Amino acid sequence: MNSVRMFLDSFNGAVGKSTFGRIFRLQGCGHDREIKNTKFTTEIRAGLTTFFTMAYIIAVNASVLSATGGNCVCKATATDALCDKDNDYADCVADLNRSLITATAALSGFSSFLFGFVTNMPVCLGPGMGLNAYFAYQIVGYHGSGLISYNLALTAVFVEGFIFIFLSLIGMRQWLVKAIPVSLKIASACGIGLFLSEIGLSYSAGIGAITGAKNTPLEVGGCPSQYLDDSGSCQTHRMTSPTMWIGIFCGGIFTAYLMTYKVKSAMIAGIALVSILSWPRDTPFTYFPHNPQGDERFNFFKKVINFHPIGTLNVLDWNVSKDPTRFVLTLFTFLYVDIIDCTATLYSMARFSGVVDAETGDFPRSTLAYCTDALCISIGALLGCSPVTAFIESGAGIAEGGKTGLTAMTCGICFLISMFFAPIFASIPPWATGCTLILVGCLMMRQIVSVNWRYIGDAVPAFVTVMFIPFGYSAAYGLIAGLMTYAALNGLIYLTKVISRGYVVPDDEDHREYWTIKPHGKLPWFITASQLLAGRIGHHNGQQKDTTSIKSGESQVEIRGDSKNLDQELDAVVVIPKDPRDEVLRKTQSQDWC
């Protein structure tokens, strides 16, 4: 063991001193901004850990997006409006799922590799789990029953990416995310976690434990598919589905058990176990039943290693004029949802990496990071995927010791390799990934304790956000509900305080979360530029400047500026009188240091 350890130390030292190590600021490279305690082998291990932690998105994302029907043509009838019983349509959706598996792997690999190389941060990118659900179930809808078509929605995502690049270049994207109240940022992430859990409990992309109902919004499901009525409700045999129970025990309980012992690849192990148990054909929970659809799945599964072409490549619909109102609505909806999801997640991962500057509230290469993230959103649209975002699962690699972009690049290479195993990933049943979605929702809900529950003006808007996202089946509408509640409630409190001249205030106002329209950190350049321009115009117009000297002892501080800002500047100045003994003390300390 000592010899192996010595070899690894020698190898890491050689890599660190090389040009390669200098590029990524590895320990020993001699760069001014060298990252301490970074080793090449540690970065590789961290990248593998991140991949195994987030590799479930290959199957889950494809399953969620394929629920839209993609560009498959549905020949709807009066008795089958959503083509649930159309075998040709089902075959097309199955082929769409395989295309999206390849697309998801390719997009995650390219995005993670590019982001790691450009930013040198251990953060991996991929199609966001909350965003894909919003894209699939709210915008496009199940089998295309939503606001706009799959192709037109991809066009909105493509355009959104370039708008994000513009917002990133001018600094607006960095500034906007700081302007949203902290409790609402936390609540939106928690609400998306509940949203994911709800999807994991459904039939379309989960274990099928809940269904829709006629008299209530939801009801208990869990019946075999042959007992579902036309509305998707269980007529009889509730909670008797073998696929549901194998998903719960071999997927959910087993995965949670491994997570208890901090097993890094716990989610992959749970998905793999349920999938392997579901592959034999003569079982009540098989994914390959003896019917035309099952036979077609099994024939593709037997190929094992196969590169399935991306059938969703460049299927954007640019005929916006056929439904301009809904297209614009979708575009702006994606914009404000992604402003929260993409920007806030990336910023939180930067904080977890320990690279955020406490003074400016920013992190190195932030503009490059936001632009790269935005570019990958547009590239993902060309591949047929929903918006890309930074993954919170990157925290697993960071916790493993990853500190540089090599972690993200390693993860990206693993995703690119996985493209050639599409038959394996296409044969993962939805009940294998359903409990994974529920567990991801659990992980996202853990930060609910960070909401400021002590002050009602922060607690109520946060609760409305958390509640409305899963109940309204929309991340965007949940956030809008939270922001409107925050503005209405705190606006009334502020007006009451102003009218009463500060006499009527809440008893617990001291616990109020600080918020300002001018958040801490640098303002966007166009705001500072306009302020500078206004100052120069005012100067040329002959505005008077005051020059005041403050003397105390032998010290003198000169302050120049507008007279109206003089009081503020005086408050920022601390004048310490000179004492002859200070000079003697300084010389003595100088001699001691020498």
Q) In this structure, does residue 112 turn out to be modelled with pLDDT of 90 or more and either closer than 30 Å to residue 487 by Cβ or touching a strand residue (DSSP E or B) at 6+ places or on another chain (Cβ under 7 Å) (or both)? A) yes
Q. Among the residues of segment 227-255 satisfying the criterion of being of a type in the set (D, E, K, R) and surrounded by fewer than 16 Cβ atoms within 10 Å (Cβ to Cβ), which is nearest to residue 78 (Cα to Cα)?
A. 230
(Q) Going residue by residue through segment 316-333, is there one that turns out to be under 24 Å from residue 99 (Cα atoms) and hydroxyl-bearing (Ser, Thr, Tyr)? (A) no
Q. Inside segment 210-224, can you point out the residues that are open to solvent by 70 Å² or more (accessible area, probe 1.4 Å) and more than 16 Å from residue 434 (Cα to Cα)?
A. 214, 215, 217, 218
**Q.** Unmet requirement for residue 5, which otherwise passes all of (1) surrounded by fewer than 16 Cβ atoms within 10 Å (Cβ to Cβ); (2) more than 30 Å from residue 258 (Cα to Cα)
**A.** (2)
Q.
Taking the conditions exactly as written (within 30 Å of residue 262 (Cα to Cα), touching a Gly at 6+ places or on another chain (Cβ under 8 Å), assigned by the TED database to the domain that holds residue 425 and surrounded by 21 or more Cβ atoms within 10 Å (Cβ to Cβ)), does residue 50 satisfy them or not?
A. yes
Q. Going by the structure shown, is residue 434 under 18 Å from the mean Cα position of the chain (by Cα) and open to solvent by less than 30 Å² (accessible area, probe 1.4 Å)?
A. no
Q) What do you reckon, is residue 287 within 24 Å of residue 83 (Cα to Cα), among the aromatic types (Phe, Trp, Tyr) and modelled with pLDDT of 90 or more? A) yes
**Q.** Members of segment 90-120 that are open to solvent by less than 10 Å² (accessible area, probe 1.4 Å) and either in contact with a Lys or Arg (Cβ under 8 Å, 6 or more places away or on another chain) or among the polar types (S, T, N, Q) (or both)
**A.** 99, 102, 104, 108, 111, 112, 119
Q) How many residues are closer than 21 Å to residue 205 by Cα and either touching a Gly at 6+ places or on another chain (Cβ under 7 Å) or free of Cβ contacts under 8 Å to residues at least 24 places away in the same chain (or both) if we restrict to segment 296-309? A) 1
(Q) Report every pair of residues separated by at least 6 positions or lying on different chains whose Cβ atoms are under 7 Å apart, first residue within segment 7-35 and of a type in the set (S, T, N, Q), second in a helix (DSSP H, G or I) and surrounded by fewer than 16 Cβ atoms within 10 Å (Cβ to Cβ). (A) 12/41
Q | Single condition residue 266 does not satisfy, out of (1) open to solvent by less than 30 Å² (accessible area, probe 1.4 Å); (2) of a type in the set (A, V, I, L, M); (3) in contact (Cβ under 8 Å) with a residue 40 or more places away in the chain | A | (3)
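The values are calculated or read from the model by the stated rules, or taken from the named source; none is laboratory data. Note that the structure is a prediction, hence the values are computed from the model and not measured. Cβ: placed from backbone, ideal geometry, glycine included. Neighbour counts: every protein chain shown. When the accessible area is computed, the model is the full protein with side chains, heavy atoms only, and any ligands, DNA or RNA have been set aside. Shrake-Rupley method; radii C 1.70, N 1.55, O 1.52, S 1.80 Å.
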